[in-house]
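This report refers to the structure that appears directly beneath it.
The values are calculated or read from the model by the stated rules, or taken from the named source; none is laboratory data. Everything numeric here is computed off the predicted structure, so don't read it as measured data. All Cβ positions, even for glycine, are placed from backbone atoms using ideal geometry, and neighbour counts span all protein chains on display.
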Amino acid sequence: MLFAIDVLDLARFQFAMTTVFHFFFVPFSIGMALVTAIMETLFVFKKDEMYKKMAKFWGKIFLLSFAVGVVTGIIQEFQFGMNWSDYSRFMGDIFGAPLAIEALLAFFLESTFIGLWMFTWDRFKPALHAVMIWLVWLGTTLSAIWILAANAFMQHPTGFAINSETGRVKLVDFMAVITNPQLWVEFPHVIFGAFTTAGFAVAGMAAWQLWKKRDAVFYTKSLRIGLWVGLVAVVAAMGMGDLQTRFIIKDQPMKFAATEGIYKDTGDPAAWSLVELIDTEDHTTKADIEVPYLLSILSYHKLHGSVKGMDTVNKELEAKYGKDKNYYVPVKTLFWSFRVMAGGGMLLALVAVLGLFFSRAKNNSLARKRWLLVTLGLTLWLPFIINTCGWLITELGRYPWTVYGLYTIADSISPTTTAGQLWFTDITYFLIFSLLGGVMIYYCRRVLFHGPDADLDTNYGVSADPFAKEAFVK
Amino acid sequence: MSGLQLLWFILLAVLFIGFFFLEGFDFGVGMATRVLARDENERTQLVATIGPHWDGNEVWLITAGGAMFASYPLWYASLFSGFYILFFLVLLGLIVRGVSFEFAAHAETPRGRSIWRWALFIGSVVPPFVLGMIFTAIMQPLPIANDNGAYNVYATFGDQVNLLTVVGGVAVTLLCLMHGLNFIRLKTTGPLRDRARRLNAKLAWVLYAGEAVFAVLVFVFTDFFQKRPVSTSLIVILIVCAAVVMHVGALKNKELLSFIGSGLSLALVVGLIFNGLFPRVLIGVDPANSLLLKNASASPLTLSIMTGVTCVLLPIALAYFIWAYVVFHKRIAPLNS
């Protein structure tokens, strides 16, 4: 069966694998920079050494994530040229600039100041040192804007014309590219998702330590900071997700209909299916559990309004772009991903509220609520799954396009790349990612095991501070 | 060809020079962890010299790649897809190298530490070697097909691995090692500092031989001397001069002089390639299929926006980038075991 898999499948698999793996560490790092910065800022204002210990301790986890995020990120920039050279040629006039600006503006900022932050704990005044980590955070956040500007163009092209000689995209209005409405619903959703990820990760890791009855004060405070960040962020992410959904109903109706598993146009008002069995051959659904009115409310914030089904949208797309393409997206994946994402988001909010309530200063009973500690510990993994689901909806839902309405996935592939090369790189990436992910999780566990009091200074193995006095001959 | 296209061709050369100058010594320090250091304490001392900087140095490669995508998308697309496996090897090297710093700091056993230190070494040898191969491969005529203006490079094994590319890879690796040794001389105290100097002085003779061979191979394998006899010869002479400067600096114990010499060598090699390519960016076996600057670039609008953005952002980035080196200007002393 190996030979039924062609170059396109292998290249798509590679893109999916490398971006999904990369995107475990991206939101985690962006959010961890924020959480660490908040902790260090608390130290600056409250002058309580515990917050410094906290920033250093969770900072170690942040640095581990950042390292894996950086190295898996380089792949992305190279990959467009390597696997998707025709896409790069088609989109180069628009797509390259955000990548270059991302590097100039964001990557220089984060990489320089992360080096400064790591090695200057004892050299700079606390306030100045805290500025370093905020600049790192700013860098990570700015980088999200620019890479999403590139992605937003692929979802909803703006500010371009087609060059009549070459048939490629040509930039006409740069402001239109960066004020793309898709970008400004997508970026807040993604960035709040990133803060959510780190908030619940910190809370979850702290919960496991509380479960083991270690350092109650330190971990309770950490947990509460994590949960506050997580709660605010997850509510904001859901709100932004709602904005994005309403944008997508109009902009990419096929994607929306697929996330709701609707083949035929709904009645008015539209009912929302919680779960259903989808038959992609016959275009029917079975065993629906429906909530009346809810789809109209979700879609339009009104008690009425119908939603177009995929079959109708397909006819429209065929009329617009020709009958030679298949416009149906992977319905089941989108349908279930959406439910995991939205349901997961609500679950996170609930867990955060419970955690904050039972750990409140007046009556902290969290240590006795073993079930809640276990729940918090397990929800640590949920944001990673939710992020992935969100991207599956966004990217698979654009099928068959790489640039919506302009350029197909099949046209995007490098003509020179062979299946042999892709098998080799796919397998190698898979092995190396398994190794990196495993080692990263292992070392995070060791950091937790050693606890905040371990004087394991992670100055890249310099056991003593290399900038301490005795380290210098001068 | 417009002025903007020329400007961006030069800016790309500058970005790649920045990358080889900075990550060059970074790679060299990584190589020195096995070539120069004798025990784990010395390795740790070496890694501490680049600890705060390596990530920022690597951003120069990301910036150069992104800028190439933005300003010359066709060059970027044909180059990266044409030299598929070579770029993949560069990535592998950079991946294991990038995580090695952080992972080594967390390793609790000598064995675990040793694994990540080896990852650093391998990740410091492979990327400069393979990038050297890629950059010398594009000096030679390549099988390019027009394919409706796509200019696909169907590079065979022989186009990627031949005498010039192997010598080119070795030369770039050697230059990075020597540049790293000079950086170590500037950034350490103790036995490593003088050992680096002596090794550098010895390697200078290897470098002279390598440069002579490289010059002959460039003459045989490429059209650089025919197309631009004056400038190519001049740059080759300057490369040798830079090597002499470095050598003198090593013999007379002038560390900064050596560092400038090795840095200039790397910069001039990039200059040699860009100068010889011009006005082409990829050379076709059939000259009609060569990818030219004027065909490969982005639109004037994109180029002018990128020019404005770069003029504002690069100086700011450079300012704090240099500040980081000022903050960490002190030498790293040997660790007490």
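General observations
- Residue that is nearest to the other protein chains (Cβ to nearest Cβ), among those in the range B:321-337 that are within 22 Å of the chain's Cα centre (by Cα) and over 19 Å from residue B:184 (Cβ atoms): B:321
- Flag if residue A:56 is of a type in the set (D, E, K, R), more than 14 Å from every other protein chain (Cβ to nearest Cβ) and surrounded by fewer than 24 Cβ atoms within 10 Å (Cβ to Cβ): no
- Given (1) more than 9 Å from every other protein chain (Cβ to nearest Cβ); (2) in contact with a strand residue (DSSP E or B) (Cβ under 6 Å, 6 or more places away or on another chain); (3) not hydrophobic (A, V, I, L, M, F, W, C), number of the condition residue B:253 does not satisfy: (2)
- Checked against (1) more than 10 Å from chain A (Cβ to nearest Cβ); (2) in contact with a helix residue (DSSP H, G or I) (Cβ under 9 Å, 6 or more places away or on another chain), residue B:190 passes all but a single condition, namely (1).
- Condition met for residue A:388 (more than 14 Å from chain B (Cβ to nearest Cβ) and touching a strand residue (DSSP E or B) at 6+ places or on another chain (Cβ under 8 Å)): no
- The lone exception for residue A:160 - which of (1) within 12 Å of another protein chain (Cβ to nearest Cβ); (2) within 27 Å of residue A:198 (Cα to Cα); (3) touching a residue at least 24 places away in the same chain (Cβ under 8 Å) it fails: (2)
- Evaluation of residue A:262 against the conditions (1) in a loop (DSSP other than H, G, I, E, B); (2) surrounded by fewer than 24 Cβ atoms within 10 Å (Cβ to Cβ); (3) β-branched (Val, Ile, Thr) shows that the sole unmet condition is (2).
- Any chance residue A:138 is within 13 Å of another protein chain (Cβ to nearest Cβ) and either out of contact with any Ser or Thr (no Cβ under 6 Å at 6 or more places or on another chain) or buried (at least 22 other Cβ atoms within 10 Å of the Cβ) (or both): yes
- Within the range B:313-322, the residues that satisfy the criterion of being surrounded by 12 or more Cβ atoms within 10 Å (Cβ to Cβ) and without any contact (Cβ under 8 Å) to a residue 12 or more places away in the chain are B:313, B:314, B:316, B:317, B:318, B:320.
- Of all residues assigned to the range B:294-309, at least one qualifies as being surrounded by 19 or more Cβ atoms within 10 Å (Cβ to Cβ), more than 9 Å from chain A (Cβ to nearest Cβ) and in contact with a strand residue (DSSP E or B) (Cβ under 7 Å, 6 or more places away or on another chain).
- Qualifying residue in the range B:67-74 (condition: within 20 Å of residue B:138 (Cα to Cα), crowded, with 24+ Cβ neighbours inside 10 Å and without any contact (Cβ under 8 Å) to a residue 12 or more places away in the chain): yes
- All positions within the range B:223-279 that are of a type in the set (Lys, Arg) and in a helix (DSSP H, G or I): B:227
- Hits in the range B:148-167 - residues which are assigned to a helix (DSSP H, G or I) and closer than 23 Å to residue B:77 by Cα: B:157, B:158, B:159, B:160, B:165
Let's see how each residue does on (1) under 26 Å from residue B:23 (Cβ atoms); (2) of a type in the set (Val, Ile, Thr); (3) in contact with a Ser or Thr (Cβ under 7 Å, 6 or more places away or on another chain):
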{"site": "B:222", "(1), (2), (3)": "yes, yes, no"}
{"site": "B:246", "(1), (2), (3)": "yes, no, yes"}
{"site": "B:265", "(1), (2), (3)": "yes, no, no"}
{"site": "B:270", "(1), (2), (3)": "yes, yes, no"}
{"site": "B:277", "(1), (2), (3)": "yes, no, no"}
{"site": "B:295", "(1), (2), (3)": "no, no, no"}
{"site": "B:298", "(1), (2), (3)": "yes, no, yes"}
{"site": "B:320", "(1), (2), (3)": "yes, no, yes"}
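- Per-region count, the range A:434-454, residues within 24 Å of the chain's Cα centre (by Cα) and either charged (D, E, K, R) or not in a helix (DSSP H, G or I) (or both): 1
- Residue in the range B:198-217 that is surrounded by 17 or more Cβ atoms within 10 Å (Cβ to Cβ) and not in a helix (DSSP H, G or I) present: no
- Some residue of the range A:89-102 being among the hydrophobic types (A, V, I, L, M, F, W, C), free of Cβ contacts under 8 Å to residues at least 40 places away in the same chain and at the interface with chain B (Cβ under 7 Å from one of its Cβ atoms): yes
- All positions within the range A:103-130 that are within 14 Å of residue A:142 (Cα to Cα) and within 7 Å of chain B (Cβ to nearest Cβ): A:103, A:104, A:105, A:107, A:108, A:111
- Flag for residue A:431 being in a helix (DSSP H, G or I), surrounded by fewer than 20 Cβ atoms within 10 Å (Cβ to Cβ) and modelled with pLDDT of 90 or more: yes
- Residue A:80 being within 24 Å of residue A:417 (Cβ to Cβ), crowded, with 24+ Cβ neighbours inside 10 Å and within 20 Å of the chain's Cα centre (by Cα): yes
- Qualifying residue in the range A:283-304 (condition: among the polar types (S, T, N, Q), under 26 Å from residue A:190 (Cα atoms) and in contact with a Gly (Cβ under 8 Å, 6 or more places away or on another chain)): yes
- Hits in the range B:34-50 (condition: within 23 Å of residue A:71 (Cβ to Cβ) and surrounded by fewer than 23 Cβ atoms within 10 Å (Cβ to Cβ)): B:34
- Of all residues in the range B:92-113 being over 16 Å from residue B:51 (Cα atoms) and without any contact (Cβ under 8 Å) to a residue 12 or more places away in the chain, the one that is farthest from the other protein chains (Cβ to nearest Cβ): B:111
- Within the range B:71-91, being farther than 12 Å from residue A:81 by Cβ and touching a Ser or Thr at 6+ places or on another chain (Cβ under 7 Å) holds for one residue alone: B:71.
- Residues in the range A:164-180 that are outside any loop (DSSP other than H, G, I, E, B) and surrounded by 14 or more Cβ atoms within 10 Å (Cβ to Cβ): A:169, A:170, A:171, A:174, A:176, A:177, A:178.
- Scan the range A:399-412 for residues that are part of a loop (DSSP other than H, G, I, E, B) and farther than 14 Å from residue A:16 by Cα and the total you get is 4.
- Count - residues of the range B:153-184 that are within 14 Å of chain A (Cβ to nearest Cβ) and free of Cβ contacts under 8 Å to residues at least 12 places away in the same chain: 1
- With respect to the conditions (1) among the small types (Gly, Ala, Ser); (2) modelled with pLDDT under 95; (3) more than 30 Å from residue A:91 (Cβ to Cβ), residue B:123 falls short on a single one, namely (2).
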